[in-house]
Amino acid sequence: MEVRIEGTAACEARLALALLKGLSRARLLEILRASGTPEGVFPAPGRERTVRSPSPAEEALLDRDLGPEIAGQLKLGALVESYVCAWTDAQYPALLREINYPPLVLFWRGDISVAARPAVAVVGSRKCSHSGRLVAERLGRALAGEGLVVVSGLARGIDTAAHRGALEAGGVTVAVLGSGVDVCYPAENRKLLAEILERGAALSEFPLGTAPLRQNFPLRNRIVSGLSLGVVVVEAGEGSGALVTVEHALMQGREVFAVPGDTTLNSTISSNRLLKEGAKLVTKVEDILEELGAQVREGLEPLPRTPVEREGVSCEEERMLQNLSHVPKNVDEICSQTGMKTADVLSLLLSLELKGLVRQEPGDLFLRNPGALSPRRPE
């Protein structure tokens, strides 16, 4: 059931489920399961509750008049095109439904159906390095190019870069908010959020108008991982919120990946530690695809690859980058694989080296820098 936030019995029952206080999430989920629908928990006037609570105190809570609060939600909902669904509804993302303590209600804007597609989360520090931002953007672009949905939290730094990369590839991205879906945080991402809504979605378990309070974000992070097949940490310093997402991912049985970072930066301390603790190392998008399994890979629909120039990299340079890997190759091998003349190969390699995308090692060996993650392009 797709319920627009407007004055219908179905909508009001779902809003009541989101607004009710005094009962634990676990207990409310039990009641919702037993009732079958939110309307069974919060029936319209003149109808009886589907399942009676064994506790008079619980009955009193469920019978509480939420009319004024629901009216406030309806007023806010009239200002933005927003929707609401419950854990029992068909629109609720199936992967998220399986986690411990799933959100009972999801608010969304955009197209919630994209949250049912195979997705990978990209997370990391708000105070990331320039190179970390570039890696997250290129990784978001590469994942989207392979047909995966990119999930992140719209925060400054790595989250923002991952969303932008997915959009630049022409792909789909989902922003999970620690506020109401009508509240953009940080405010400077309003334009980015509008772009996300054109092809993807913004989700939240918090009612409309909810401010981005600090305590909301650890809860938000379990949804980021819950929607995803795996979580990639690009940069994470000590105490980074990305580590909370990793903890949720491990409890949910999701894959955990990390991109190696500069060991001199504070923003990479915890992400590098994750690699020592068993996170799967990522230097290219194929590292992630391999771990997702053949069944997932075969079901993906990669985006059409068109040779376009971006970030000062020409089409020829882009093709050269895709021929390189993080295993050194000599010039003869590159010439053989590309069919190019030695002089042309050396010219392109020099240009890419000056841009920091390629590194030369002794013996005329060349390799792609770890930060040069980008989508594969056709020859």
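Derivation of every value follows stated rules applied to the coordinates shown; laboratory data play no part. In this text the structure is predicted, and so the values were computed from the model without any measurement. Virtual Cβ from ideal backbone geometry, glycine too; neighbours counted across all protein chains shown.
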Setting aside same-chain residues fewer than 8 positions from LYS341, which lysines have a Cα under 18 Å from its Cα? LYS329
Kirkwood-type radius of the chain, with distances r between different C-alpha atoms, in Å: 22.2 Å
For the chain, set up a GNM with springs between Cα atoms under 10 Å and report which of PRO186, PRO56, PRO43 has the largest fluctuation. PRO56
Under 16 Å between alpha carbons, and skipping anything fewer than 8 positions from LYS276 in its own chain: which aspartates and glutamates qualify? GLU235, GLU238, GLU247, GLU255, ASP262
Where does helix 25-35 land angle-wise versus the long Cα axis of the chain, in degrees 0 to 90, nearest 10? 70 degrees
Please build a GNM for the chain, connecting alpha carbons under 10 Å apart, and tell me which residue among ALA187, ALA44, ALA279 fluctuates the most. ALA187
Running a GNM on the chain with Cα contacts under 10 Å, which residue among CYS85, CYS184, CYS315 ends up with the highest mean-square fluctuation? CYS315
Can you compute the modelled spin-label distance between THR338 and LEU365, with each label point 7 Å from Cα toward Cβ, in nm? 1.9 nm
Mind checking the angle between helix 216-226 and the chain's longest principal axis? C-alpha axes, 0 to 90 degrees, to the nearest 10. 70 degrees
Which distance in nm do the two modelled labels at GLU238 and ASP65 give, with both placed 7 Å along the Cα-to-Cβ direction? 5.4 nm
Ranked from fewest to most other Cβ atoms within 10 Å of their own Cβ, ARG297, ARG133 fall in the order ARG297, ARG133
Label-point separation (nm) for ALA57 and ASN266, each offset 7 Å from Cα along Cα-to-Cβ? 4.6 nm
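Can you sort GLU316, GLU137 by how many other beta carbons sit within 10 Å, fewest first?
Final ranking by Cβ density, sparse to dense: GLU316, GLU137.
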Which pairs, out of LYS280/LYS355; LYS21/LYS75; LYS191/LYS284, put more than 23 Å between their alpha-carbon atoms? LYS280/LYS355; LYS191/LYS284
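Arrange the following residues from fewest to most other Cβ atoms within 10 Å of their Cβ: ILE269, ILE158, ILE288.
Fewest-to-most Cβ neighbours within 10 Å comes out as ILE269, ILE288, ILE158.
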Once R0 is set to 45 Å, what does the formula 1/(1 + (r/R0)^6) return for the Cβ-Cβ distance between LYS75 and GLU316, expressed as a FRET efficiency to the nearest 0.05? 0.20
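Under the rule a/c < 1.5 gives rounded, and otherwise a/b versus b/c splits prolate from oblate, where does the stretch 1-108 land using the Cα gyration tensor? Please report the intermediate quantities before stating the final value.
On the way: a/c = 1.72, a/b = 1.14, b/c = 1.51.
Oblate, because a/c is 1.5 or more while a/b does not exceed b/c.
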Between 0 and 90°, nearest 10: helix 9-19 axis offset from the chain longest Cα axis: 70 degrees
Once you treat every alpha carbon in the stretch 315-368 as an equal point and sum by Debye, what is log10 I(q)/I(0) at q = 0.24, 0.25 Å⁻¹? -0.89, -0.97
